[in-house]
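Okay, so here's the structure we're looking at.
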Amino acid sequence: MTDALLALRPWEAPEVTSWGRLPMNAVDRRSGALPLDGDWRFQLLSAPDAPVDGPWSSSHVPGVWTMQDTDDLPQYTNVQMPFPEYPPHSPAANPTGVYEREVDIPAEWAGRRIVLQVGAAESVLLVHVDGRPVGISKDSHLAAEFDLTGVVRPGSPATLRLTVVKWSDASHIEDQDQWWHGGITRSVLLYATDPLHLADVTVRAAYSGELRVDCRVRDAGGALPDGWYLAGELDGQPLAQDAEFDRANVEDERVSDFLGEARLLTTVPEVRTWNAETPELYGLTVRLHRADGTVADTSRHRIGFRDVEIVGRDLLVNGERVFIRGVNRHDFHPLTGRTVSYDDMRADLVLLKRFGFNAIRTAHYPNDPTLYDLADELGFYVVDEADIESHDHAHEIADDPRYLNAFVDRVSRMVLRDKNHPSVIIWSLGNESDYGANHDAAAGWVRRHDPTRPIQYEGAAKLGWADPELASDIACPMYAPLEDCVAHALSGAQTKPLIQCEYSHAMGNSNGTLADHWAAIEATPGLQGGFIWEFWDHGILQHVNDGRPVGRGGAGLYDNGVAAPGYRWAYGGDFGETIHDGAFIADGVVFPDRTPKPAMYEHREIAAPVRIECFRHEGVVLTNHQHFRGFDWLAAVWVLSLEDGRTLTAPAELPELCPGETAAVPLPFALPEDGGEAWLTLRVTTAQDLPWAPRGTEVCVPQVLLRAADVPQEPVAAGSLAAAGSIEAAGSVEAAGSVEVDDEGLLVHPLLTAAPALSLWRAPTDNDELGGMAQRWRSWGLDALVRKVVSVREDAGRVTVEAEYAGAAGVVRHRQVLTPVAGGVRVEEEAELPEAFDDVARVGTVFETIAGLDLLDWFGQGPWESYPDRSAGAPVGHHSVPVDGLFTPYLRPQESGGRHGVRRFTLSAPDATGLAVVLDEPRQVSVTRYRAEDLTAVTHHDELVPRPGCVVHIDAAHRGLGTASCGPDTFPSYRVAPGVHRWSWTLRVL
Ligand code: GAL
Ligand code: MG
């Protein structure tokens, strides 16, 4: 006998979005339900219509089978579909998981309405109970509910079968840039209600304190009983049904025997309003009563009073033009793929709060429902995005009427589920799906159902940022050049808020120019922020030996961003996929284990609630850079860092300032006359325990320069290559000892295993590779310059070495003047880059040390990794980090571990022996265990073999990082020009 559901072949029928599925609603059924999570009987079929006659194994629900014990493994593609069939078709080889289990239907559910909820399944779900077809659902990231009342018998067992088809017509509109999986990714549960039940609850809680709760009521038996009514409580205060509303309905003749509508209405005096800084929530309970007063149904909500509106070209929350410091977030976990627990989601959001983020775009589908509860509670603005991305076939699908239903279905179901969350401030119609009538249909539904929130859609906005006809209320481009954004805001033509839905692509060592972006955003009315792409590096924990995903049992097999020996973070291609997009999946601001990348500290400082500026020398100007609150949640300490090594601290009193206000406070220290360069830092921490941070958590470390360095510490040599031999030291050189060089003119030094040489190359970052720079540098031969010594001359103990470094496209002339000084050698360098070498990675010195010098102390920016265009988050001070802790373990090895603005450093052994380097001016420095070629030779972090000594780079110039792997390159001011570069440094033995 052919199965009725299979006979429909719903996996190739885009018109079929569901069958037998209950309407989505916002009634919370999670409490009191019967959880069905755990191990289910499981078979993986080769196609949906293959017979279910194989042996049963087991599979954990919720979970994807691609991360469990099957041969169908994860596959990563970005734009391209993983199969060649065009929409709405799917491949004949179509892995299909059959999940089965028995459920004892509680006897006390007799007479009640019994509902099955499947939290999420991808991409087509077929439901059978005791062999009978019950329903179909698509829409992989929203729940599907089915009424089982007439299908199961309370007090008896029932056999549930959930068949999940991996590839379908729906895959073509779920073509998001992420891993492809198959399975049931969110919890499965059964619940029972009275036949008379709340069908939906819609809450409108305004900034004014006005509360409207609109309820829909139905009875499973059909006609509603007489006399039902609603009541409820708000934080314990009783709420009664609005009589006016009933009457209005009668007059409108909208009352139906089968659908009840009623409203609870009140105004809360002195309401505590909700915003992302002070996310005040109220507990709302809605009760549906029968005429005799008994309670038929209850729904509990946590609600927040707030307004969202667009006025002119500003997006306002509670009347304030808030900055959107956002990130794009996927539901991701390195062990489960897609299934995320409450603790995981809470940890994501806690981390984001600690690093100054206030907004999340649920890229690119509705996230787990708990995410929104946590966003309400912890304080985030959410752009809620529907599960629609047809990237590879975008144009074909946007106007294809066969997909019309799916578009409206997906957008409306999201809105119906999430409409009561104060955190959700904007609806998004999806991502990268071109723009067509299907979008307008979905937008039309939303505008009618929820006029309280704006809509955004990048695919529409890109046709005209200011065009009122397009279905996007926000100009929400992705990766728009900053100058285009500023020009638009200044053009006089702007009509919509400009908030980039994606910007600052975080792939590998990235997020250059973030501070420049924010300086422009804060200075330009009309610009309001954006969402960094993205939160996660989606590396899946994998066994190196057999290439299998580790799965749920892998907790503890990683630490600090690094997988344990024998494991690695897999990216595209690592599961043997032939069609894949490689490391493009590793593009987040956190590692797969949620360890923050250094870019997070940059963001934290850019988002600082407290800013300081130096007010001549009498005092410091402090600004409250928040939108809604004062400084009472913060504590602070002043720290004065002097170049001579002294660090002084003093308690700080934060003034009472309203948002946007400024106050001058006296300098906390009498600045010592001596000590050289002086930096004042305000170390700001949380003053009390907060839901997202214990008391004392660092919030920001704003800093001002109080006194610049007097004179160059180690003066640079004057002169030029043209006048070789005429070098004069500008300061007096205390000649001491002698300098030894070998036949090649290379310095011989007891602490160095490789002499200081010129370096123009860095292990290309993902931005360098995908932006085309690395290709250019390789074609010029910068990765393999051939050094030839031209002359070595000695003059009164000072050795001058002229050398040439030849590449395919030109020759760099380099000169080193080595002068003995007390305890060491001063190195003055000059390099002349031919015009052909325009925009190289770096110009500087590289040398290597003996083993054992394992601690780096420096005065400069830190302690985090920083680069010329990503250095706002690293204050100047005295920092000390073990060499092994300096390297950032990006998934695909690349340039890493740099520190910007370094003035001096020591590299020492535990007995305090070692070397000290003093630089002529603040420079980019890195100390790692790897040569650039070590990093380029491998594809995963675990393949790196650390060298025993240190590889030290001192750069006269170092190219910014930019974001060119997807988006704008770094700015011209952060690029390295050809021509003459000069730098000098002194090396001494400790
Ligand atoms: C965007 C897209 C994202 C992601 C990103 C690059 O175009 O919306 O899903 O692919 O680029 O990482
Ligand atoms: Mg895409």
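The values are calculated or read from the model by the stated rules, or taken from the named source; none is laboratory data. Computed from a predicted model, the values in this text were never measured in an experiment. Reconstructed Cβ throughout: ideal geometry from the backbone, glycine too, with neighbour counts over all protein chains shown. All accessible areas refer to the heavy atoms of the entire protein, side chains included, with ligands and DNA or RNA removed. Shrake-Rupley method; radii C 1.70, N 1.55, O 1.52, S 1.80 Å.
Between residues in the stretch 464-486 that are closer than 28 Å to residue 507 by Cα and residues that are open to solvent by 40 Å² or more (accessible area, probe 1.4 Å) and within 16 Å of ligand 2 (Cβ to nearest atom), which pairs lie under 8 Å by C-beta distance while being six or more apart or on different chains? If the second residue must be open to solvent by 40 Å² or more (accessible area, probe 1.4 Å) and within 16 Å of ligand 2 (Cβ to nearest atom), the pairs left are 477/462. Of all the numbered requirements in (1) closer than 30 Å to residue 833 by Cβ; (2) open to solvent by 20 Å² or more (accessible area, probe 1.4 Å); (3) at pLDDT 95 or above, residue 728 misses one, and that requirement is (3). Within the stretch 487-508, the set of residues being without any contact (Cβ under 8 Å) to a residue 40 or more places away in the chain, of a type in the set (A, V, I, L, M, F, W, C) and within 16 Å of ligand 2 (Cβ to nearest atom) is empty. Screening residue 360 on (1) open to solvent by 30 Å² or more (accessible area, probe 1.4 Å); (2) within 16 Å of ligand 1 (Cβ to nearest atom); (3) not hydroxyl-bearing (Ser, Thr, Tyr) shows it passes everything except condition (1). Of all residues in the stretch 934-990, those being small (Gly, Ala, Ser), open to solvent by less than 40 Å² (accessible area, probe 1.4 Å) and more than 31 Å from the chain's Cα centre (by Cα) number 4. Does residue 632 fit the bill of being in contact (Cβ under 8 Å) with a residue 40 or more places away in the chain, surrounded by fewer than 18 Cβ atoms within 10 Å (Cβ to Cβ) and within 16 Å of ligand 1 (Cβ to nearest atom)? Answer is no for this residue. Would you pick out the residues in the stretch 157-215 that are in a loop (DSSP other than H, G, I, E, B) and of a type in the set (Phe, Trp, Tyr)? Within the stretch 157-215, 167, 207 meet the criteria. Filter the stretch 1-32 down to the residues that are at pLDDT below 95 and more than 25 Å from residue 172 (Cα to Cα) and list them by number. Across the stretch 1-32, the qualifying residues are 1, 2, 3, 28, 29, 30, 31, 32.
Among the residues making up the stretch 471-481, those that are more than 16 Å from ligand 2 (Cβ to nearest atom), outside any strand (DSSP E or B) and either open to solvent by less than 20 Å² (accessible area, probe 1.4 Å) or among the polar types (S, T, N, Q) (or both) are 471, 472, 474, 480. For beta carbons closer than 6 Å, sequence separation of 6+ or different chains, a first residue in the stretch 447-458 that is touching a residue at least 60 places away in the same chain (Cβ under 8 Å) and outside any helix (DSSP H, G or I) and a second that is away from ligand 2 (no atom under 16 Å from the Cβ) and open to solvent by 20 Å² or more (accessible area, probe 1.4 Å), the qualifying pairs are 454/310; 454/473. Residue 178 passes every criterion in (1) within 16 Å of ligand 1 (Cβ to nearest atom); (2) surrounded by fewer than 24 Cβ atoms within 10 Å (Cβ to Cβ) apart from (2).
Among the candidates 55, 48, single out the residue that is within 21 Å of residue 338 (Cβ to Cβ) and either part of a loop (DSSP other than H, G, I, E, B) or at pLDDT below 95 (or both). Going through 55, 48 in turn, just one is within 21 Å of residue 338 (Cβ to Cβ) and either part of a loop (DSSP other than H, G, I, E, B) or at pLDDT below 95 (or both): 48.
Are any of the residues in the stretch 424-434 away from ligand 1 (no atom under 16 Å from the Cβ), crowded, with 22+ Cβ neighbours inside 10 Å and assigned to a helix (DSSP H, G or I)? Looking through the stretch 424-434, none of the residues is away from ligand 1 (no atom under 16 Å from the Cβ), crowded, with 22+ Cβ neighbours inside 10 Å and assigned to a helix (DSSP H, G or I). Considering the stretch 67-98, the residues that are touching a Lys or Arg at 6+ places or on another chain (Cβ under 7 Å) and under 23 Å from residue 128 (Cα atoms) include one that is farthest from ligand 2 (Cβ to nearest atom), namely 98. Across the stretch 871-893, a minimum of one residue is classified as open to solvent by 50 Å² or more (accessible area, probe 1.4 Å), assigned to a strand (DSSP E or B) and polar (S, T, N, Q). Taking the listed residues 47, 26, 33, 4, the one that is open to solvent by 40 Å² or more (accessible area, probe 1.4 Å), of a type in the set (Gly, Ala, Ser) and farther than 16 Å from residue 138 by Cα is 4, with no other qualifying. Of all the numbered requirements in (1) out of contact with any Lys or Arg (no Cβ under 7 Å at 6 or more places or on another chain); (2) farther than 30 Å from residue 65 by Cβ; (3) away from ligand 2 (no atom under 16 Å from the Cβ); (4) not in a strand (DSSP E or B), residue 511 misses one, and that requirement is (1).
Tell me, yes or no, whether the stretch 398-418 has at least one residue that is touching a Phe, Trp or Tyr at 6+ places or on another chain (Cβ under 9 Å) and within 16 Å of ligand 1 (Cβ to nearest atom). Checking the stretch 398-418: at least one residue is touching a Phe, Trp or Tyr at 6+ places or on another chain (Cβ under 9 Å) and within 16 Å of ligand 1 (Cβ to nearest atom). Taken together, the residues in the stretch 79-108 that are open to solvent by less than 30 Å² (accessible area, probe 1.4 Å) and either aliphatic (A, V, I, L, M) or outside any strand (DSSP E or B) (or both) amount to 13. Restricting the search to the stretch 67-78, which residues are outside any loop (DSSP other than H, G, I, E, B) and out of contact with any Gly (no Cβ under 6 Å at 6 or more places or on another chain)? Scanning the stretch 67-78 gives 75, 77. Give just the number: which of (1) in contact with a strand residue (DSSP E or B) (Cβ under 9 Å, 6 or more places away or on another chain); (2) more than 16 Å from ligand 1 (Cβ to nearest atom) does residue 153 not satisfy? Only one criterion in (1) in contact with a strand residue (DSSP E or B) (Cβ under 9 Å, 6 or more places away or on another chain); (2) more than 16 Å from ligand 1 (Cβ to nearest atom) is unmet by residue 153, namely (1).
The residue that is most open to solvent (accessible area, probe 1.4 Å), counting only those in the stretch 379-397 that are away from ligand 1 (no atom under 16 Å from the Cβ) and out of contact with any helix residue (DSSP H, G or I) (no Cβ under 6 Å at 6 or more places or on another chain), is 396. Would you please name the residue that is nearest to ligand 2 (Cβ to nearest atom), looking only at residues in the stretch 419-446 that are more than 26 Å from the chain's Cα centre (by Cα) and closer than 20 Å to residue 216 by Cβ? Among residues in the stretch 419-446 that are more than 26 Å from the chain's Cα centre (by Cα) and closer than 20 Å to residue 216 by Cβ, the one nearest to ligand 2 (Cβ to nearest atom) is 446.
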